[in-house]
Every structure is written in C-alpha cells, then in structure tokens.
Amino acid sequence: KLHPAVRRMLVRVGVESGSLNRAIERVHAVLSNALADERGRWLLSARHAGAVNEYPLTVRTGEHFRHLVIDRSFVCEQGVRWIIDYKTSSHEGGDRAQFLASESLRYAPQLQAYQQAFAQIEMREIRAALYFPLLRLLQPVNPSAAPAEAGSE
C-alpha cells in the first residue's frame, strides 16, 4: 500500500530513476524489519509520552547557532527521555562488534549534541541509542564519552 507514496518521496528527494526500485525495496526492508522487531515496535510506539519524529531544534553555542534534527525521541514509562538515531546500514561482512563500536564512536558527538539540547529543555535522565532496523539492533551510545566537538549529522 505504501509503494506509491514511498516512490513519490524518493523521487522528491532526488533518487534517480535507475536506483528507484532498489531504494523502494530498501525502504520496505527497513520498515518490515522495524515492525517485526520487538525493539523496533517499542521505539515506534505511539504510547510514549513526548514522542517526536524528525524533531527540529536550534541550540546556541557561544555566538553560534546550530540546527539539529532528531530522528526520534520519547519518554518511556520509566520517565527516561530516549533519543534514537536511525541507521539503515546493513553491515555485510566484518566483525559486527567492531562495526557497532565504530558506529557508536562515530555518532556519539551528534547524539551528545542532541542530549545537551534536551538537557536545556527538561530535567530528566536521557539515554541515546542508534537503531539499525536491518540488523534489528538497538545500540546504546554513551554520548558523554564523545569528544567535545560534535560531528556531522
């Protein structure tokens, strides 16, 4: 049912016609895996308080402003603010643990910026994670272990 809408969205964002069918298949795989995964369903649940998707925030650092867009965030039943960054890589081959450690390190500065932005808005525990729907894996990330300079988004 979503096929025509997905096609339109992909065309709108510039996916070339030669790559369109493969991109549609990938979107389908990502959505199917997320919905088939207990953690994916938990992340996407509409029952969470304060749930936002593609949430834009602008933060001030000194004299500069930084625009952030957070993939998914919500407050779980335990009162913890979760910040989720979706990653659609499928990781084929290589050491999986090493891949996850590398991705965690790579995106920790970005998640740290998100965490700091929410910390200015509310006082609660904040946890961050990467979610890999194609791997059906939720990878917690400790953003406070990140270097001070935030990386690319």
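Read-outs: derived from the displayed coordinates by stated rules, not from any lab. As the structure is a computational prediction, the values presented were derived from the model and not from experiment. Cβ coordinates were reconstructed from backbone atoms using ideal geometry, including for glycine residues, and neighbour counts include every protein chain displayed.
List the residues, sorted by chain then number, that are 5 or more residues from Leu137 or on another chain and whose placed amide H is less than 5 Å from its amide H.
Phe132
Please state the relative contact order of the range 14-123 as a whole percent: Cα pairs under 8 Å, 6+ residues apart?
That works out to 16 percent.
Once whole DSSP H runs in the chain are found, which of them have Cα atoms spread over 24 Å or more along the helix axis and a mean Kyte-Doolittle score of at least -0.5?
Once both thresholds are applied, what remains is 17-36, 96-121.
If you wrap a convex hull around the C-alpha atoms of the chain and split its volume per residue, what is the figure in Å³?
141 Å³
On alpha-carbon atoms, Rg over Rh for the range 28-94 using Kirkwood Rh?
1.07
Using only helices, what value at 222 nm comes out for the chain when you add -39,500 (n - 2.57) per DSSP H run of length 4 or more and divide by the total residues, to the nearest 500 deg cm²/dmol?
-13500 deg cm²/dmol
Roughly what % of DSSP beta bridges within the chain run antiparallel, to the nearest 5?
75 percent
Can you pull the Rg over Rh of the range 81-149, Cα-only, Kirkwood?
My calculation puts Rg/Rh at 1.00.
Please compute the length gained on full extension between Ala46 and Leu105, using 0.36 nm multiplied by the number of residues separating them and subtracting their Cα-Cα distance.
Length gained, Ala46 through Leu105: 18.3 nm.
Could you check the simple spin-label distance between Val69 and Glu92, using points 7 Å along Cα→Cβ, in nm with one decimal?
2.7 nm
If we sort 54-66, 80-92 on the protection proxy, mean other Cβ atoms within 10 Å, highest first, what's the order?
Ranked from most to least packed, the peptides come out as 80-92, 54-66.
Where is the GNM fluctuation largest for the chain (alpha-carbon springs, 10 angstrom cutoff): Ala108, Ala117, Ala23?
Ala23
Per residue of the range 39-54, what does 6.51 cos²θ - 1.76 cosθ + 1.60 with θ = phi - 60° give for ³J(HN,Hα)? Whole Hz please, x for Gly and Pro, Karplus curve as stated.
Going residue by residue, I get 5, x, 5, 5, 4, 8, 4, 7, 7, 6, 6, x, 6, 9, 10, 6 Hz, with x marking Gly and Pro.
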